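To start, the structure under review is shown below, and the notes come after it.
The values are calculated or read from the model by the stated rules, or taken from the named source; none is laboratory data. Bear in mind that the values here come from a model prediction, so they are computed numbers and not experimental data. Methodologically, a virtual Cβ is constructed for each residue, glycine included, from the backbone with ideal geometry; neighbour enumeration extends over all protein chains shown.
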């Protein structure tokens, strides 16, 4: 049995690495997010989440999602709201705080260290990529411009306006110029 | 206890295609449960008694692993249980994983039943005319698996007899398996060359049309089986085409439909997946009855 010691040590090491990399939170803990109070001197940004294009392409929508609970009739998931900007915050940080505070479901993939160098937002409010046709998914624009890179690499400044919009045509229907849209 | 395997090969093949196609392409929890139960009962009725413990030790952990993997990668669903690295682990994803695991294990059990029932002579009989090369390749490939296992056991015993790695520790056993495997890779290459040489020596592929002999005849019972199987399959397909057998887990678990079409589908597929087991039971009862009269 002495020979098995290195094997068991290796297994324990792997398990320890896995456990160390896992961060488990209860539901209440996850949603209990601290949002800083807005004071006159604090820097703020405005965030909104909309899915108007889904209403225009309602026929393509996944039948399981055809309900007002998943797609609001006015297309507004989060109306424009001001949030306090912390030092070095990216678009993803603000979005993460906002959805936690408002208890909106959100799923993302990867981290800043992923091969793409950014987080990818797969779904917000149960609306996922490909939920409404093969070219659908979430995009973001800051001050009316669609950045060319991921949301966790966009560092925000005071007073910027972030809009998360759902597209059904790879960005053309929401006006992403570099994707062939019409501009704003 | 080989009532089902004694049927005409075409009946066996059609039956397996019907069950496996529903099991794989109609993802509905009720149908998956029926396929799982039917497959498990049939495998238990026809399999060797001593093997059952080993099989359970393989299929049950497999079921749980397959069920647990889905919620780790899919975070959709309205009922979060807890949060893992900032992504929700939801009840819906967990149940979807259970359903997929049932489909997976069910399909595996039916494939196991298939390999037990459809022996290589049946394959050759069915496809020998249509695709002679394919059926030959398939039957020799399927035969390779038991031959490989037998040979690897033989190599393992020989190594143990020579006193190599005969210790009881886990490391020794893993090392032993590795040694056996590396010798088996060489052996299987050599075996393939030998088999092809032997087949050439016996005149395979020399251009003459080969004849074959088989004793399969379509009897009245086979025709009843075939028509019953196709009728049940058509009922399941009709139920699936009405859309009542569509079931969605995301974002909210759908309801198990209780419409007439859906009930017909459940009943028809339940009957279809229990047919071979029922045939085995009938055969066993008949046998007991005959024995008791002697």
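Might you let me know whether the stretch A:152-170 holds any residue that is within 24 Å of residue B:90 (Cβ to Cβ), assigned to a loop (DSSP other than H, G, I, E, B), touching a helix residue (DSSP H, G or I) at 6+ places or on another chain (Cβ under 9 Å) and modelled with pLDDT under 90?
Within the stretch A:152-170, one or more residues are within 24 Å of residue B:90 (Cβ to Cβ), assigned to a loop (DSSP other than H, G, I, E, B), touching a helix residue (DSSP H, G or I) at 6+ places or on another chain (Cβ under 9 Å) and modelled with pLDDT under 90.
Could you list all residues from the stretch B:100-117 that are crowded, with 21+ Cβ neighbours inside 10 Å and either farther than 16 Å from residue B:58 by Cβ or touching a strand residue (DSSP E or B) at 6+ places or on another chain (Cβ under 6 Å) (or both)?
Within the stretch B:100-117, B:103, B:117 qualify.
Count, please, the residues in the stretch B:226-244 that happen to be modelled with pLDDT under 90 and loosely packed, with under 15 Cβ neighbours inside 10 Å.
Looking only at that region, the number is 1.
For residues that are closer than 11 Å to residue A:53 by Cβ and not in a strand (DSSP E or B), scanning just the stretch A:120-143, find the one that is farthest from the chain's Cα centre (by Cα).
It comes out as A:133.
Test each condition in (1) surrounded by 11 or more Cβ atoms within 10 Å (Cβ to Cβ); (2) more than 23 Å from the chain's Cα centre (by Cα) for residue B:206 and report the one that comes out false.
(1)
Being more than 27 Å from the chain's Cα centre (by Cα) and not in a loop (DSSP other than H, G, I, E, B) is the filter here, so list the residues in the stretch B:73-91 that pass it.
B:80, B:81, B:82, B:83, B:84, B:87, B:88, B:89, B:90, B:91, listed by residue number.
Suppose we filter the stretch A:83-105 for residues that are surrounded by fewer than 13 Cβ atoms within 10 Å (Cβ to Cβ) and over 16 Å from the mean Cα position of the chain (by Cα); how many remain?
Number of matching residues: 2.
May I ask you to list the residues in the stretch B:137-168 that are more than 30 Å from residue A:4 (Cβ to Cβ), free of Cβ contacts under 8 Å to residues at least 24 places away in the same chain and out of contact with any helix residue (DSSP H, G or I) (no Cβ under 7 Å at 6 or more places or on another chain)?
Within the stretch B:137-168, B:137, B:141, B:145, B:146 meet the criteria.
Identify, by number, the condition in (1) out of contact with any strand residue (DSSP E or B) (no Cβ under 7 Å at 6 or more places or on another chain); (2) surrounded by 13 or more Cβ atoms within 10 Å (Cβ to Cβ) that residue A:148 doesn't meet.
(2)
For the stretch B:47-65, give me each residue that is in contact with a helix residue (DSSP H, G or I) (Cβ under 8 Å, 6 or more places away or on another chain) and either within 11 Å of chain A (Cβ to nearest Cβ) or closer than 28 Å to residue B:280 by Cβ (or both).
Those that are in contact with a helix residue (DSSP H, G or I) (Cβ under 8 Å, 6 or more places away or on another chain) and either within 11 Å of chain A (Cβ to nearest Cβ) or closer than 28 Å to residue B:280 by Cβ (or both): B:47, B:52, B:55, B:59, B:62, B:63.
Can you tell me which residue in the stretch B:144-187 is farthest from the other protein chains (Cβ to nearest Cβ), limited to those that are surrounded by 12 or more Cβ atoms within 10 Å (Cβ to Cβ) and not in a helix (DSSP H, G or I)?
Selected residue: B:164.
Select, from B:89, B:78, the only residue that is out of contact with any strand residue (DSSP E or B) (no Cβ under 7 Å at 6 or more places or on another chain) and within 11 Å of chain A (Cβ to nearest Cβ).
B:78
Enumerate the helices (runs of 4 or more DSSP H) found wholly within the stretch A:1-86, keeping only those where 2 or more residues are away from every other protein chain (no Cβ under 14 Å) and modelled with pLDDT under 85.
Output list is empty.
Quick test of your reading of the structure: residue B:131 fulfils all but one of (1) under 30 Å from residue A:18 (Cα atoms); (2) surrounded by fewer than 16 Cβ atoms within 10 Å (Cβ to Cβ); (3) free of Cβ contacts under 8 Å to residues at least 12 places away in the same chain. Name the failing condition by number.
(1)
Restricting to the stretch B:92-133, and then to whatever is outside any helix (DSSP H, G or I) and either within 14 Å of chain A (Cβ to nearest Cβ) or under 16 Å from the mean Cα position of the chain (by Cα) (or both), can you tell me which residue is nearest to residue B:24 (Cα to Cα)?
The extreme case among them is B:118.
In the stretch A:87-133, what count of residues is obtained for those that are farther than 11 Å from residue A:164 by Cβ, within 11 Å of chain B (Cβ to nearest Cβ) and touching a helix residue (DSSP H, G or I) at 6+ places or on another chain (Cβ under 8 Å)?
Residues in the stretch A:87-133 being farther than 11 Å from residue A:164 by Cβ, within 11 Å of chain B (Cβ to nearest Cβ) and touching a helix residue (DSSP H, G or I) at 6+ places or on another chain (Cβ under 8 Å): 7 in total.
Conditions (1) farther than 19 Å from residue B:24 by Cβ; (2) within 14 Å of another protein chain (Cβ to nearest Cβ); (3) touching a residue at least 24 places away in the same chain (Cβ under 8 Å); (4) touching a strand residue (DSSP E or B) at 6+ places or on another chain (Cβ under 9 Å), marked per residue:
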| residue | (1), (2), (3), (4) |
| --- | --- |
| B:226 | yes, no, yes, no |
| B:241 | no, no, no, no |
| B:251 | yes, yes, yes, yes |
| B:257 | yes, yes, no, no |
| B:261 | yes, no, no, no |
| B:264 | yes, no, yes, no |
| B:274 | no, no, yes, no |
| B:279 | yes, no, yes, no |
| B:287 | yes, no, no, no |
